[in-house]
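The values are calculated or read from the model by the stated rules, or taken from the named source; none is laboratory data. What you see is a predicted model, and the numbers here were worked out from it, not measured in a lab. Cβ coordinates were reconstructed from backbone atoms using ideal geometry, including for glycine residues, and neighbour counts include every protein chain displayed. In case anyone asks, the SASA skips ligands and DNA or RNA and just uses the protein heavy atoms, side chains included. Shrake-Rupley method; radii C 1.70, N 1.55, O 1.52, S 1.80 Å.
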Amino acid sequence: MVAIAIIGAQWGDEGKGKIVDLLSGKAQMIVRYSGGANAGHTVVNEHGEFRLHLVPVGIFNTNATCVISNGVALDPESLLEELDNLDFLNVTPERLLISDRAQIVLPYHKLLDSLEEGRRGDNAIGTTLRGIGPAYVDKTARRGIRAGDLKDLTTLRDKLQAPLNYVNSLLTKVYETAPISEDELYENLSKISQRIAPHIVQTELVIHEAIQQGKSILLEGAQGALLDLDFGTYPYVTSSHPGAGGAYQGTGINPSNIDHVVGIFKAYCTRVGAGPFPTLMEPDFDALIREKAGEYGATTGRPRSCGWFDGPMARLATLVNGFTSAAIARLDVLDDVEKIKICTHYELDGEPLLYPPSDPATLEKCKPIYEELPGWKGPTSNINNFQDLPELTKNYVNRLEEIIGAPIDLLSVGPRREQNIVIREFS
Ligand code: GDP
Ligand code: IMO
Ligand code: MG
């Protein structure tokens, strides 16, 4: 056993936090590899309920090393706030490592995120306003500030020059707003760096060493496959690669060392922010599920739209990420539903489609075709064994497995760590 990647298979918020928390008890290293403080991973455990944004969920396993690796867009202010909330765990620099290659999200990235959303008007993406898009833009434009740059304050000031010149031209000439003060930014970063610097190392080497020592590593995905910059519902996506590809690139682990890729699906779908959502439920039902399941964003508190399980989207997620296992979370949310719909395929101009088209306008024209299954109408939250589930629940899970195209090895039937049905162990 080397590394297991836990990947959101839909539009995020599938319940990754809960499942990473469950599995991290057996891991010696937990690595968060992509996205930034746009993520909100909920954990309900013996200490209470937590929403983690940057700190890997594995932090609750005090015997494990946690890593924020190179693929992450790291907002140091958000990280420090999170660490303050977790001070009872005594998160030492040895317990939480930060890659020196991780891009830093600066205050102006958040400002640009919100200015750009404003400029998009009716076409706004509905971002989390956490500066994610602008930070990755700077990364690819090769003017980003990286965590390693915070370690040497004497050279940091020089390194800020080029990005600041650029951003201040944008702010004043394009957005016609006030420029960023270099002194203020530098002072702010100097303060922050004192706390962050001891955590910063070349994490790809530490991860490689852990692999050499045969340690078990859990890779914690953020967002989800359908928010992927390439394979998601572009342009309504995030600016990183939440999937298996992102797990390699975002950590420096080579392909031979990830031997299990677990796709986390909800038993239905949700989406927060703008963008196509073919299986959106009828308005009354959407509201009913949202209230029952508390479907509100863990980062922004925005209401999540709810939809039926989307087969074509699930197939694409499996195709692109090569899930070796799937987990279905929030199965209990459907406990009272009379008739459960599954979208098996789309219809476009009278032709069946098994995979979503890449063009958003064409996707809008696709009609979801549903199969209706009778609901099981009974509680599942206290069941821990697949055999004890109602037959109709098993039928639903088996049908999802056929569509997903990967074995469903785990069911989650409640937010707490013990509310699971393990069908097959991942290791
Ligand atoms: P993540 O971003 O994928 O980690 O998911 P979020 O934490 O944003 O949202 C998932 C929500 O579902 C959280 O409120 C969890 O506590 C909750 N949750 C996770 N698994 C289950 C489950 O099996 N049943 C129920 N009812 N809630 C769950
Ligand atoms: P976790 O890890 C759900 C969505 C935003 C928006 C789009 C782009 O908790 O599953 P961004 O701020 O990334 O530029 O916003 O992506 N989004 C998420 N939706 N869960 C997330 O993370 C998300 N992270 C980003 O709502 O539609
Ligand atoms: Mg979330």
Item checked: Among residues of region 11-48, those that are under 13 Å from the mean Cα position of the chain (by Cα), near ligand 1 (Cβ under 9 Å from one of its atoms) and either closer than 25 Å to TRP308 by Cβ or open to solvent by 10 Å² or more (accessible area, probe 1.4 Å) (or both), counted -> 12
Next item on the list: Go through region 1-51 and give me each residue that's over 20 Å from ASN70 (Cβ atoms) and of a type in the set (A, V, I, L, M, F, W, C).
Entry: MET1, ALA9, TRP11, ILE19, LEU22, LEU23, VAL43, VAL44, PHE50
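Per-residue answers, yes or no, for (1) more than 20 Å from TYR136 (Cβ to Cβ); (2) in contact (Cβ under 8 Å) with a residue 40 or more places away in the chain:
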| position | (1), (2) |
| --- | --- |
| MET29 | yes, yes |
| THR42 | yes, yes |
| VAL72 | no, yes |
| THR92 | yes, no |
| ASP100 | no, yes |
Note to self: Taking the criterion of being part of a helix (DSSP H, G or I) and either in contact with a Gly (Cβ under 6 Å, 6 or more places away or on another chain) or open to solvent by 30 Å² or more (accessible area, probe 1.4 Å) (or both), would at least one residue in region 50-59 satisfy it?
What the structure shows: yes
Note to self: Restricting to region 1-10, give me the number of residues that are over 23 Å from GLN419 (Cα atoms) and open to solvent by 10 Å² or more (accessible area, probe 1.4 Å).
What the structure shows: 2
Check: Of the conditions (1) open to solvent by 10 Å² or more (accessible area, probe 1.4 Å); (2) among the hydroxyl-bearing types (Ser, Thr, Tyr); (3) more than 16 Å from ligand 2 (Cβ to nearest atom); (4) under 25 Å from SER239 (Cα atoms), SER78 fails just one. Which one is it?
Finding: (3)
Check: Going by the conditions given, is ALA178 over 21 Å from the mean Cα position of the chain (by Cα), assigned to a loop (DSSP other than H, G, I, E, B) and among the hydrophobic types (A, V, I, L, M, F, W, C)?
Finding: yes
Margin query: Suppose the filter is touching a residue at least 24 places away in the same chain (Cβ under 8 Å), open to solvent by less than 10 Å² (accessible area, probe 1.4 Å) and touching a helix residue (DSSP H, G or I) at 6+ places or on another chain (Cβ under 9 Å); does GLY252 pass it?
Written below: no
Item checked: In region 387-405, the residues that are surrounded by fewer than 16 Cβ atoms within 10 Å (Cβ to Cβ) and within 13 Å of VAL422 (Cα to Cα) -> GLN387, ASP388
Item checked: Contacts under 9 angstrom Cβ, first residue in region 284-304 being over 24 Å from ALA39 (Cβ atoms), partner open to solvent by 40 Å² or more (accessible area, probe 1.4 Å) and within 14 Å of ligand 2 (Cβ to nearest atom), 6 or more apart -> ALA287/PRO303
Margin query: Give me the residue from region 310-350 that is open to solvent by 40 Å² or more (accessible area, probe 1.4 Å) and of a type in the set (A, V, I, L, M, F, W, C) and, out of that set, nearest to ligand 2 (Cβ to nearest atom).
Written below: VAL320
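Please report, ordered by residue number, the strands (runs of 3 or more DSSP E) entirely within region 216-316 with at least 1 residues that are within 16 Å of ligand 1 (Cβ to nearest atom), over 22 Å from GLU402 (Cα atoms) and out of contact with any Ser or Thr (no Cβ under 6 Å at 6 or more places or on another chain). It would help to see each step written out before you state the result.
On the way: elements: 217-220, 258-266, 269-271, 305-307.
Qualifying strands (runs of 3 or more DSSP E): 217-220, 305-307.
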Check: Is it the case that some residue within region 103-123 is touching a residue at least 40 places away in the same chain (Cβ under 8 Å), in a loop (DSSP other than H, G, I, E, B) and open to solvent by 10 Å² or more (accessible area, probe 1.4 Å)?
Finding: no
Checklist line | Pair list, Cβ < 7 Å and 6+ apart or interchain, from region 157-169 residues that are assigned by TED's automatic domain parsing to the domain that holds ALA141 to residues that are aliphatic (A, V, I, L, M) and assigned to a helix (DSSP H, G or I) | finding: LEU160/LEU185
Notebook entry, point to check: All but one of (1) under 13 Å from LEU331 (Cβ atoms); (2) in contact (Cβ under 8 Å) with a residue 24 or more places away in the chain hold for PRO390; which doesn't?
Noted result: (2)
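Do we find that ARG143 is more than 24 Å from the chain's Cα centre (by Cα), assigned to a loop (DSSP other than H, G, I, E, B) and surrounded by 14 or more Cβ atoms within 10 Å (Cβ to Cβ) in this structure?
yes
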Next item on the list: For region 124-145, enumerate the residues that are more than 16 Å from ligand 3 (Cβ to nearest atom) and touching a residue at least 60 places away in the same chain (Cβ under 8 Å).
Entry: ALA124, ILE125, GLY131, GLY133, ALA135, TYR136, VAL137, LYS139
Next item on the list: Could you tell me whether GLU184 is part of a helix (DSSP H, G or I) and among the acidic types (Asp, Glu)?
Entry: yes
Margin query: If I filter region 124-136 for residues that are in a helix (DSSP H, G or I) and polar (S, T, N, Q), do I get at least one hit?
Written below: no
